[in-house]
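Here is the structure we will look at, set down as structure tokens.
The values are calculated or read from the model by the stated rules, or taken from the named source; none is laboratory data. Quick caveat: nothing in here was measured; it's all calculated off a predicted structure. Neighbour counts are summed over all protein chains in view; Cβ atoms, including those assigned to glycine, are modelled from backbone coordinates with ideal geometry. For the accessible areas, the whole protein counts, side chains as well, though only heavy atoms, and no ligand, DNA or RNA atoms are used. Shrake-Rupley method; radii C 1.70, N 1.55, O 1.52, S 1.80 Å.
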Amino acid sequence: NPEARAALKRTLAVSALASKPANLERIASALDPSVSKSTEKTLIPIYAFGVACAIEANARGALERLAPLLAKTKSAIDQARAGAVLQGIRSAAAKPKANLAGWSAAIAPLVAHDDLDIVAAKTLLLLPPDPAVIEPLLKSFGDPAKMRTFPDHAVKLLARVANTRTVPFLAAAMMSHWMRVEDSLEGLERAADPSAIPRIEEWIAKNPKE
């Protein structure tokens, strides 16, 4: 489509500039996901490159300019823009000393999103632990006693920031499947809540050989 061709041309035009830090803002401006009007998945990595450059060039400015794209995800175009931002954050996180302060709080609500939940969770797992993920995760999953499966990413995210509120979820996850035990126990230890003791004893009684 026309936007794809234009984006590819911009990518070719700026690729030669990428080796010079002084040109990062020019690249970020040329590949700004907020101007995209396409749902083409092949465009997401291209705009993600622009996001990563924006973060490297001006971390605070990139957060202020691009974080709002994560809060607007109703349409397919909005979701494509958000996807580009998330992928760009992951790319930025791969670089040593990347300044990604503030992004966890902006991403956290997406862990309850129907389409972006997994990619949001994978992005959050690359960032330092942030209690901002607790509320949207617990709200999304509701009563843990009624859950049959516990997503791996949800357990890992909660385990990293566990507190008293997360204990029922982590305890139920521990009881649900052996693959959730290690992360759940790590979270329960971090929460240091006595209410978890009976559930741990219950698990031990049911799994005497573990």
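Based on this model, can you work out whether A80 counts as open to solvent by less than 20 Å² (accessible area, probe 1.4 Å), of a type in the set (G, A, S) and within 21 Å of A28 (Cα to Cα)?
So A80 fits the description; yes.
Residues of segment 58-72 being among the aliphatic types (A, V, I, L, M) and exposed (fewer than 13 other Cβ atoms within 10 Å of the Cβ), which ones? Full working, then the answer.
Kept after step one, since they are among the aliphatic types (A, V, I, L, M), are these residues of segment 58-72: 59, 62-63, 66-67, 69-71.
Correct list: A71 only.
Kindly list, by first and then second residue, each pair from a residue in segment 27-45 that is more than 10 Å from G83 (Cβ to Cβ) to a residue that is open to solvent by 30 Å² or more (accessible area, probe 1.4 Å) and assigned to a loop (DSSP other than H, G, I, E, B), limited to pairs with Cβ atoms under 8 Å and residues at least 6 apart or on different chains.
I27/L17; I27/A18; S38/N1; E40/N1
Which pairs do you get when a residue that is more than 10 Å from V167 (Cβ to Cβ), found in segment 182-207, comes within reach of a residue that is among the charged types (D, E, K, R), reach meaning Cβ atoms under 6 angstrom, with the pair 6+ apart or on two chains?
Once the first residue is more than 10 Å from V167 (Cβ to Cβ) and sits in segment 182-207, its partners that are among the charged types (D, E, K, R) give D183/K156.
Would you be able to tell me the number of residues in segment 46-71 that are free of Cβ contacts under 8 Å to residues at least 24 places away in the same chain and closer than 13 Å to S91 by Cβ?
0
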